[in-house]
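A quick write-up on the structure given underneath.
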Amino acid sequence: MSQENTDLIRAIYDAFAAGDMAGVLGRMSPDIVWNEAENFPYADGNPYVGPDAILAGVFTRIGAEWDMFAAVPEEIVDGGDTVVALGRYHGTCKATGRTLDAQLAHVWRVAGGKAVRFQQYTDTLQAARVTGAAGSI
């Protein structure tokens with residue numbers, strides 16, 4: 001089943017890159033639990049439960065606040081029911097014009113052919129600097 005799990009996660013990233021939100025959300029369990037990294041701008045809604053909450057609290061905000069935002073997996077690690085994506089975020093913050101180029105690690109849990117849990121890890125200080133939230137840090 002682990003090849004199917006990595007294929008599922010890869011398909012989520014492919015759908016996101018294509019702007020296919022139905023394709024992203026349709027691969028998630030109705031009760032998926034999604035957590036943004038602590039101190040990341042969208043962690044204020046943690047945990048997001050269900051695709052609708054993720055769409056409203058994360059993806060819609062990304063679309064409103066970033067130009068050319070991308071989550072680019074460079075490696076997908078097969079851990080059976082746990083799949084880890086390693087890669088980079090890219091984008092330009094609309095409010096500041098600054099660009100983001102930050103490492104990412106995403107830990108996905110898969111059950112029944114759907115993503116059921118997500119945990120983001122990333123450079124939150126870089127994100128805060130790019131968005132202007134970090135001040136002079």
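General remarks:
- Residue within the stretch 60-69 that is within 27 Å of Glu4 (Cα to Cα) and surrounded by fewer than 16 Cβ atoms within 10 Å (Cβ to Cβ) present: no
- Every pair of residues 6+ apart whose Cβ atoms lie under 8 Å, when the first sits in the stretch 118-137 and is surrounded by fewer than 14 Cβ atoms within 10 Å (Cβ to Cβ) while the second is modelled with pLDDT of 95 or more and not in a helix (DSSP H, G or I): Gly132/Cys93; Gly132/Ala95; Gly132/Thr96; Gly132/Arg98
- Unique match (being closer than 22 Å to Gly26 by Cβ and exposed (fewer than 15 other Cβ atoms within 10 Å of the Cβ)) among Gly80, Gly57, Gly113, Gly97: Gly113
- Number of residues in the stretch 1-47 that are of a type outside the set (Asp, Glu), without any contact (Cβ under 8 Å) to a residue 24 or more places away in the chain and part of a helix (DSSP H, G or I): the value is 7.
- Within the stretch 52-84, tally of residues that are among the small types (Gly, Ala, Ser) and farther than 17 Å from Leu100 by Cβ: 5
- So Ala95, is it under 14 Å from the mean Cα position of the chain (by Cα) and either farther than 26 Å from Val130 by Cα or not β-branched (Val, Ile, Thr) (or both): no
- Residue among Asp44, Asp101, Asp20, Asp78 that is out of contact with any Phe, Trp or Tyr (no Cβ under 9 Å at 6 or more places or on another chain) and farther than 20 Å from Asp7 by Cβ: Asp44
- Check on Ala70, under 15 Å from Arg117 (Cα atoms), touching a helix residue (DSSP H, G or I) at 6+ places or on another chain (Cβ under 8 Å), among the small types (Gly, Ala, Ser) and modelled with pLDDT of 95 or more: no
- The set of residues in the stretch 100-137 that are assigned to a loop (DSSP other than H, G, I, E, B) and either of a type outside the set (A, V, I, L, M) or on the phi > 0 side of the Ramachandran plot (or both) comprises Gly112, Gly113, Asp123, Gly132, Gly135, Ser136.
The values are calculated or read from the model by the stated rules, or taken from the named source; none is laboratory data. Keep in mind that what you see is a predicted model, and the values were worked out from it rather than measured. We place every Cβ from the backbone using ideal geometry, glycine too, and count neighbours over all the protein chains shown.
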